[in-house]
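Below is one structure, written out as structure tokens; comments come after it.
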Amino acid sequence: MTTFIYGIDIGGTKMELSVFDANYHCVKSWRVATPATNYPMFLNALQEMVQQADSLTDCQGRVGIGMPGIIDKQGLVKSANVPCATGKAIKKDIEQVLQRRIAIENDCRLFAFSESNGGAGNGYAIVYGAIIGTGAGGGLCIQGSLYSGANNIAGEYGHLPVSAQLIAKYQLPVLDCGCGLIGCYEPYISGPGLANIYALYGGEPNTQILVNQLRAGDPKAVKAFGCYIDLLGASFASIVLSYDPDIIVLGGGLSKIDEIISALPAAIEMHLFKGVQSPVIAPAIFGDASGARGAALLGAIQ
Ligand SMILES: [Zn+2]
């Protein structure tokens, strides 16, 4: 009998269910709006999606779910993007409505898990996966297994503090972070962060304009990009000092900017001891599909 696995990627506005066959080929996927502020409706919407998948596959597929936020080992959630789930025992509740066991994990951790297993990190022992998009989150895989730590927060590199040296060097404002801390990397190195840095240098707060101007050699864009890549390099140097990965796989909107991929190794080495080499830096293979694929991979071993 063919087995199917459903990878569900829950975002703040949409949630997507992808049906994978036993070889992790996606055979069908669809999206619905996320009822982000109404928990019973949220559970109902998930139940409906899975029922549809079950009738499509004519089986009771395994389920893996990825979502933004922190999901602790008891299955309790803290999520700014799906506020109705905060404080809820989400794993238990979903298992109850779906009448089956599920796996649920932070979406950035699943990105790392997916890229470590069959993605850009395949064949590397220690893979760090980092998303640079609307936020900055990541995860660590060791020999293909996800390392999450005591609080399930290992990999949250976006909330390391920016060094005082960099704040002084670029005379940057110390920014509040959405996580409640002050001076985290995320508001500088995320997509909105790059746009804000460009604005500090007198440009328009828009990453696409920055990239166009950078390619045209505009001095403001060159300076803003130099500041940005220095900050991003420093944040990954902290990852190297902590975990020393063989490869850092990048996902999210900014990973599509070639200049970031090519400039990053030297920018990381600037913040390491002399002679220490940067890990390999590579863009993700599965890109935006990595969340659902990682969820399915985790669901399969649940
Ligand atoms: Zn933070």
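The values are calculated or read from the model by the stated rules, or taken from the named source; none is laboratory data. Quick caveat: nothing in here was measured; it's all calculated off a predicted structure. Positions of Cβ are generated from backbone atoms using ideal geometry, with glycine treated the same way; all protein chains shown enter the neighbour counts. The area values use the complete protein model at the heavy-atom level, side chains included, leaving out ligands, DNA and RNA. Shrake-Rupley method; radii C 1.70, N 1.55, O 1.52, S 1.80 Å.
Selection within the stretch 243-273: residues that are assigned to a loop (DSSP other than H, G, I, E, B) and within 25 Å of PHE225 (Cβ to Cβ). The member of this set that is most open to solvent (accessible area, probe 1.4 Å) is MET270.
Among the numbered conditions (1) touching a strand residue (DSSP E or B) at 6+ places or on another chain (Cβ under 7 Å); (2) within 15 Å of the ligand (Cβ to nearest atom), the only one that ILE102 does not meet is (2). If I filter the stretch 132-143 for residues that are in a loop (DSSP other than H, G, I, E, B), at pLDDT 95 or above, touching a helix residue (DSSP H, G or I) at 6+ places or on another chain (Cβ under 8 Å) and more than 16 Å from the ligand (Cβ to nearest atom), do I get at least one hit? The answer is no; no qualifying residue exists. ILE182 meets the conditions (1) in contact with a strand residue (DSSP E or B) (Cβ under 8 Å, 6 or more places away or on another chain); (2) open to solvent by less than 20 Å² (accessible area, probe 1.4 Å); (3) within 13 Å of the ligand (Cβ to nearest atom); (4) without any contact (Cβ under 8 Å) to a residue 60 or more places away in the chain in every case but one. The failed one is (2).
Output the residue which, of all residues in the stretch 1-40 that are part of a loop (DSSP other than H, G, I, E, B) and within 19 Å of GLU105 (Cβ to Cβ), is nearest to the chain's Cα centre (by Cα). Out of the qualifying residues, it is GLY11.
If I ask for residues that are assigned to a strand (DSSP E or B) and not small (Gly, Ala, Ser), which ones from the stretch 274-302 would you list? VAL280, ILE281, PRO283 - these are the residues of the stretch 274-302 that are assigned to a strand (DSSP E or B) and not small (Gly, Ala, Ser). Test LEU200 against the criterion of being more than 16 Å from the ligand (Cβ to nearest atom), open to solvent by 80 Å² or more (accessible area, probe 1.4 Å), among the aliphatic types (A, V, I, L, M) and modelled with pLDDT of 95 or more, and give yes or no. The answer is yes for LEU200.
Answer yes or no as to whether ILE153 is in contact (Cβ under 8 Å) with a residue 60 or more places away in the chain and either within 15 Å of the ligand (Cβ to nearest atom) or out of contact with any helix residue (DSSP H, G or I) (no Cβ under 7 Å at 6 or more places or on another chain) (or both). When the stated conditions are applied, ILE153 passes them. Of all positions in the stretch 133-141, none carries a residue that is open to solvent by 10 Å² or more (accessible area, probe 1.4 Å) and in contact with a strand residue (DSSP E or B) (Cβ under 7 Å, 6 or more places away or on another chain). Would it be correct to say that ASP54 is without any contact (Cβ under 8 Å) to a residue 12 or more places away in the chain and among the charged types (D, E, K, R)? So ASP54 fits the description; yes. Per the listing ILE90, ILE65, ILE10, the residue uniquely open to solvent by less than 10 Å² (accessible area, probe 1.4 Å) and touching a helix residue (DSSP H, G or I) at 6+ places or on another chain (Cβ under 7 Å) is ILE65. Just one of the listed residues (TYR157, TYR170) is over 19 Å from ASP9 (Cα atoms), open to solvent by less than 20 Å² (accessible area, probe 1.4 Å) and of a type in the set (Ser, Thr, Tyr), and it is TYR157.
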